[in-house]
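J.: Structure provided below as structure tokens; questions to follow.
The values are calculated or read from the model by the stated rules, or taken from the named source; none is laboratory data. Just so you know, these numbers come straight off a predicted model, no measurement behind them. Counting neighbours? That spans all protein chains shown, and the Cβs are built from the backbone with ideal geometry, glycine included.
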Amino acid sequence: MTRRFEPLRSRTHAHTGLLMLTALAGSVDFAGWKLAMTWGESDGRFVRQVVNPLMLRNYVYVRGSQYCITDAGLAFLGRGDVPAKAPYVGSVAGPAYVAPMRPLSKRHRPDLALRREGAQDYRSIPSLHGGQRVAYGAGLSGAGVAPE
């Protein structure tokens, strides 16, 4: 699985380290890179803040004891003979699929003649809406208004 990382932000330690590595002819050992950046903190912090972000983005690789800049690193900085990739342009979406109209078959329609006797008796009982009795299927007259 390829992980994608956002591009380096300018003025970060990693971006400065990439610029410094380019200025040092693209290849330098760990101590020389740290010295050129005038890094006054620990080696572990240099690895976490400079080396790891560059290696995760494939801008830098290690050859022996030398840290070298890759073509991707040069392309990120806009240097080198590496042509930049053209941005991906997707194709235009076609029409949305609409299922063809099909008449309903008899087996999907409810058969009203087969209902049990008395199954619709609930319709004869009026409902209570806001203190007013309303027959089934009848609309409320003056909904929200108290009866006169």
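J.: If we scan the stretch 20-31, do we find a residue that is assigned to a loop (DSSP other than H, G, I, E, B) and among the aromatic types (Phe, Trp, Tyr)?
T.: No, every residue in the stretch 20-31 fails to be assigned to a loop (DSSP other than H, G, I, E, B) and among the aromatic types (Phe, Trp, Tyr).
J.: Output the residue which, of all residues in the stretch 47-88 that are surrounded by fewer than 16 Cβ atoms within 10 Å (Cβ to Cβ) and aromatic (Phe, Trp, Tyr), is modelled with the highest pLDDT.
T.: The extreme case among them is 61.
J.: Taking residue 91 as the residue in question, decide whether it is assigned to a loop (DSSP other than H, G, I, E, B), modelled with pLDDT of 85 or more and either surrounded by 10 or more Cβ atoms within 10 Å (Cβ to Cβ) or not basic (Lys, Arg) (or both).
T.: Considered against the rule, which asks whether it is assigned to a loop (DSSP other than H, G, I, E, B), modelled with pLDDT of 85 or more and either surrounded by 10 or more Cβ atoms within 10 Å (Cβ to Cβ) or not basic (Lys, Arg) (or both), residue 91 comes out as yes.
J.: While we're on this one: Which residues, taken from the stretch 1-57, are of a type in the set (Phe, Trp, Tyr) and out of contact with any strand residue (DSSP E or B) (no Cβ under 8 Å at 6 or more places or on another chain)?
T.: Answer for the stretch 1-57, where residues must be of a type in the set (Phe, Trp, Tyr) and out of contact with any strand residue (DSSP E or B) (no Cβ under 8 Å at 6 or more places or on another chain): 5, 39, 46.
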